[in-house]
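Notes follow once the structure below has been shown.
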Amino acid sequence: MFRFFENLVDPYGPYPETDTPPTRLFPFLMAYARPFHRLFVATALISVVVAAVEVGLIFYMGRVVDLLNSGGPAEVWDRYGTELILAAVFVLVIRPAIQFVDVALLNNGIMPNFGTLIRWRAHAQVLRQSVGWFENDFAGRIANRIMQTPPAAGEAIFQVFDAITFALAYLVGAAVLLWGADIRLVIPLLIWFVLYAYLVRWTMQRVGPASKAASDARSEVTGRVVDAYTNIHSVKLFAHHEKELGYAKEAIENTRQTFAYEMRIYTIMDICLVLLNGLLIVGVVGWAVGLWMADAATVGVVAAATALTLRLNAMTGWIMWAVSSFFRNLGVVAEGMETIAQPITLVDAADARPLQLTEGRIELQAVSHHYGRGAGGLDGISLTIRPGEKIGLVGRSGAGKSTLVKLLLRFYDCEGGRILIDGQDIAQVTQDSLRREIGMVQQDSSLMHRSVRDNILYGRPDATEADVIAAAEQAEAHEFILDLQDPQGRKGYEAQVGERGVKLSGGQRQRVTLARVILKDAPILVLDEATSALDSEVEASIQTTLYGMMEGKTVIAIAHRLSTIARLDRIIVLDDGRIAEDGTHAELLAREGLYARFWQHQSGGFIGTMEAAE
């Protein structure tokens, strides 16, 4: 029975992706709520029915009082026994059935699926953002907004149907009941409602902004705390425990202050609510008693009016908290929208097609990119890398080496010029097809918090077990992998590597990364300080592996350790975003230019940037 309601909406169903999601709150929520529209209507209608039943029961209790005053027990039973039995059946059977449908639609149909749908689609939306977008924010804050927005949106929807719709229907029903008893009883109810509505308006005008400020502050705390945990090695290495505590305390204190301001609003609201409810009870019940004393109302009317006002008195606090919770959660959603609703700026062209790689020729035509700053990066570079050619990129820090690679992978779009692969502008092909044809080993060899096998399979998910082991063996990783065991007792390829691979040494992480790229076997290979984390003995054996990987591929290798690229076909020296020199190792040494100075000033095989800069 529960599964019927739980399966009314598929949160993972297909939907039209958009690069420009709505940036206003209600259009944003409506876009996610579209699959639930019919379910929302049904839930609202049944909520109205439940409210009507509750008001009707109070009215009927007044009638029961009048029936009991109409004669002796036997006489009352003879006249009204059947009616009372039917009323009992309604209360015992029909009312619970209506209530079950109401709570099942809300608790089982909407609540589990609405938050899931938002979290799923929000995560999908954020994953489509560019690398540069992620580099401009805290990963912890992004994750926090993805995690806190769905439950806040779900709670807002819950309050709409569990409290707000019910309360409005109940209030209308109460007015109708009092009107039917005596029209004058509606007057104090209307006066109370006007004052109550003003209090709600006053509260909501302040709760929304206060809640958003508190949510922003909580996200800032999460970002700072996660930043410290992610970089715990640096925190310990530099003995900055107190510094990190102070950095976090600043954000935590801001969170305390914003939350305290939000709570002040609720305190004022509660005090005003008690006063208003006192006016409601005295006004309606007092008036009803006055009418009874004037013989203008029955005891049943007084009983019904009393029960109704006491019920409203009990409900008003709940309604106010429900409404304030609704707006508070909308504030959290609005804060989450600052991340989720950002437009996707780096997108595939409207007519983008998959890259058709035939040879592996790479051409940079007057490529410029300065990260929007007007300086740094690349400045008008033109370069052709022939199919199967292996080039090294050399230069001081900030010369533009990493920028060139990021542009080739289209992590950013060129600000000027274009990049072609086999004559196809990479801005006109799909991003996924481009990156499938490029294998990259980075200096920062971070891994997924998954098993060793899963990390290697990331290179080619459909690879066989034999392929995985062969790649690990080629990367000189198989032997140490067999000796791994994590705290949960998983061994070998099943062992978990920890967040970013922290349970492995730098050299072990690098070799697993190499195995992943070996398994991918892409025709274009990019090596960014691929052996920087390896000791000399392991590096010597891995060099053979790297040269084996390069066979038949177009290769771009970045290195400060010049000995690792001396055997490549050509070396490109970058300086201040431009190509300063281009030639083989021997040609550049003979030229006695910048590369030759790098070679002469090497210390332990690395470019001596300080000496070379003199």
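The values are calculated or read from the model by the stated rules, or taken from the named source; none is laboratory data. Worth saying up front: this structure is predicted, and the values here are computed from it rather than measured. Note: ideal-geometry Cβ built from the backbone for every residue, glycine included; neighbour counts use all protein chains shown. Remember, those area values only see protein heavy atoms, side chains included, never the ligands or the DNA or RNA. Shrake-Rupley method; radii C 1.70, N 1.55, O 1.52, S 1.80 Å.
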Span per principal axis, largest first, for the Cα atoms of the chain (Å): 120, 49, 49
Rounded to whole Hz, the Karplus (6.51, -1.76, 1.60) HN-Hα couplings of the range 418-432, x for glycine and proline: 7, 10, 10, 10, 6, x, 9, 5, 5, 6, 10, 10, 5, 4, 4
Enumerate the amide H contacts of residue 138 below 5 Å, restricted to partners 5 or more residues apart or on another chain; note that Pro and chain-start residues carry no placed amide H. none
How many angstrom separate the Cα center of the range 544-595 from the Cα center of the range 165-244? 61
Enumerate the amide H contacts of residue 130 below 5 Å, restricted to partners 5 or more residues apart or on another chain; note that Pro and chain-start residues carry no placed amide H. 345, 346
Summarise the accessible area of the chain (1.4 Å probe, protein heavy atoms) by the percent that is carbon and sulfur. 59
Excluding ligands, DNA and RNA, what is the solvent-accessible area per residue of the chain at a probe of 1.4 Å, expressed in Å²? 49
State, in angstrom, two size descriptors of the range 252-306 derived from its alpha carbons: Rg to one decimal place and Dmax to the nearest whole number. 19.9, 64
Based on the alpha-carbon gyration tensor of the range 198-283, what equivalent-ellipsoid semi-axes (square roots of 5 times the eigenvalues) come out, in whole Å, largest first? 43, 11, 7
Counting only C-alpha contacts under 8 Å and six or more residues apart, can you give the relative contact order of the chain as a whole percent? 14
Whole-Hz ³J(HN,Hα) from phi, Karplus 6.51 cos²θ - 1.76 cosθ + 1.60, for the range 104-116, glycine and proline x: 5, 4, 7, 6, 9, x, 9, 4, x, 8, 5, x, 4
At 7 Å along Cα-to-Cβ for each site, give me the label-to-label distance between residue 449 and residue 580 in nm. 4.2
Note the direction-averaged projected area, equal to a quarter of the hull surface, for the Cα convex hull of the range 103-173, in nm². 5.7
Which lysines have a Cα lying under 19 Å from the Cα of residue 390, excluding residues fewer than 8 positions away in the same chain? 401, 406, 520, 553
Grab the beta carbon distance between residue 382 and residue 4, set R0 = 60 Å, and tell me the FRET efficiency rounded to 0.05. 0.40
Counting each pair of different Cα atoms once, what's the Kirkwood radius of the range 330-390 in Å, rounded to one decimal? 15.9
Segments 380-387, 108-115, 267-274 sorted - mean Cβ within 10 Å per residue, highest first: 108-115, 380-387, 267-274
Quick one: Karplus J couplings for the range 38-47, per residue in order, coefficients 6.51, -1.76, 1.60, θ = phi - 60°, nearest Hz, x for Gly and Pro? 5, 5, 5, 4, 4, 5, 5, 5, 5, 5
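Going by average Cβ neighbours within 10 Å, how do the peptides 77-83, 580-586 rank, with the highest at the top?
Going by the mean number of other Cβ atoms within 10 Å, highest first, we get 580-586, 77-83.
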Using a cut-off of 23 Å between alpha-carbon atoms, which lysines can reach residue 212, once sequence neighbours fewer than 8 places away in the same chain are excluded? 249
Which residues' amide hydrogens lie under 5 Å from the amide hydrogen of residue 439, considering only partners 5 or more residues apart or on another chain, with H built in the peptide plane? 522, 524, 525, 526
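Can you tell me what percent of all Cα-Cα pairs in the range 48-177 are more than 24 Å apart?
Cα-Cα pairs of the range 48-177 separated by over 24 Å account for 55 percent.
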Judged on accessible area alone, 1.4 Å probe, highest first, 138, 161 line up as 138, 161
